[in-house]
1. With θ set to phi - 60° and the Karplus curve 6.51 cos²θ - 1.76 cosθ + 1.60, what are the ³J(HN,Hα) couplings of region 205-221 in order, to the nearest whole Hz, using x for Gly and Pro?
2. Which residues does a label at Asn160 reach in region 180-212, if reach means a backbone N under 20 Å from a point 7 Å past the Cα toward the Cβ?
3. Pull up the DSSP beta bridges for the chain and report the antiparallel fraction as a percent, rounded to 5.
4. Expressed in nm to one decimal, what extension gain is obtained for the pair Glu86 and Lys102 from 0.36 nm per residue of sequence separation less their Cα-Cα distance?
5. Highest mean first, what order results for 107-118, 247-258 on Cβ atoms within 10 Å?
6. Could you tell me whether region 211-277 comes out rounded, prolate or oblate from its Cα gyration tensor? Rule is a ≥ b ≥ c as square roots of the eigenvalues, rounded for a/c under 1.5, then prolate if a/b exceeds b/c, otherwise oblate.
7. At 25 °C and 0.890 mPa s, grab the translational diffusion coefficient of the chain from Stokes-Einstein with a Kirkwood Rh over Cα pairs, rounded to a whole number in µm² per second.
8. Quickly work out the Glu211-to-Val95 label distance, labels modelled 7 Å from Cα along the C-beta direction, and quote it in nm with one decimal.
Amino acid sequence: MDILKQYNIKANKNLGQNFLVDDNTIENIIEAAKISKNDFIIEIGPGLGTLTKPLLENSAKVISVEIDNKMIKILEDRFKLYNNFELINEDILNVDLNKLIKERKNNDTDKVKIVANLPYYITTPIIMKLLENKLEIESITVMVQKEVADRLVEKPGGKNSGAITYAINYYTIPKKIMDVSRKSFIPSPAVDSSVINLQVLKKPSVKVSNENLLFKIIKLAFMQKRKTLLNALTNGGLSNKNTIEQMLLDLKLDLKIRGEKLSLEDFARITNYINEKNCAN
Ligand code: SAM
């Protein structure tokens, strides 16, 4: 890529640097994020600024967080004429996003939206951070590995579902926007990608009396995916076997059911049962 040559740098594989070079995909991401003139965008990993440019041109404010200081000089040069651009040279996992949003939101900015072509080596921690921090954001529109996207947009209980599927469906309404060929990036990664959009819910989709317990139970159920829920929760130390057996009977769940067959509502019922009976170990 000319710009890399011009600055005499190479894409850093360890930082997940696969730069998007397909205009059609860029347009689709911007469209999927439904960006409007008053939006405040937080971009994770701007890289060479391919997505940053249309974001700057279509919104009130863009804050881009980039870990690689080699990219910083390029971005500063490229966007020095935009007064709605702010660049933070930091690991996204170390940024206090709640504080950032509170400090930077003003009368000119309306909805906060996250847009990114994410570095694949930390996709899950980034998405979980965005959700668990309960940010005041409208949506998350991101490019991720296709295989991960399939897990994120799966219905709980579906064949691709994992623990994260339940977390996503607890906090958001997920949707796949498009698949993207590996050829749309330089350098080309070993796998294809997908763009997904997560509409963040004002209130979680199910009501639980103890959120930490809900995620603990989901995690235990998926740590031992092939075991019955009864064994997974007992072996995981949630409570003793008799209690969990009684709970399954009370909640009218099959004693042999596996965690991956449960809906989010089922996990919520289990959580509330354990929490109310105070029988977690
Ligand atoms: N947005 C650009 C594009 O679409 O061409 C680059 C996307 S590239 C897949 C991921 C970007 O995230 C890289 O620029 C990389 O340096 C940056 N990155 C990697 N780890 C990061 C982290 N922990 N915090 C912030 N940025 C990170």
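Values in this text are rule-based calculations from the coordinates and carry no lab data. Computed from a predicted model, the values in this text were never measured in an experiment. When we count neighbours, we look across all protein chains shown, and the Cβ atoms used for this are built from the backbone with ideal geometry, even at glycine.
1. Residue by residue, region 205-221 yields 6, 10, 9, 10, 7, 8, 4, 4, 5, 4, 6, 5, 5, 4, 4, 4, 4 Hz.
2. 180-185, 189-200
3. Details: 18 of 38 bridges.
The answer is about 45 percent antiparallel.
4. Numbers: separation 16, 0.36 × 16 = 5.76 nm, distance 1.51 nm.
Once the chain is fully extended between Glu86 and Lys102, it gains 4.3 nm.
5. Details: 107-118: 19.7, 247-258: 13.8.
The peptides rank, most packed first, as 107-118, 247-258.
6. Numbers: a/c = 1.19, a/b = 1.07, b/c = 1.11.
Rounded shape, in that the Cα axes give a/c under 1.5.
7. Details: Rh = 20.4 Å.
After rounding, the answer is 121 µm²/s.
8. 2.1
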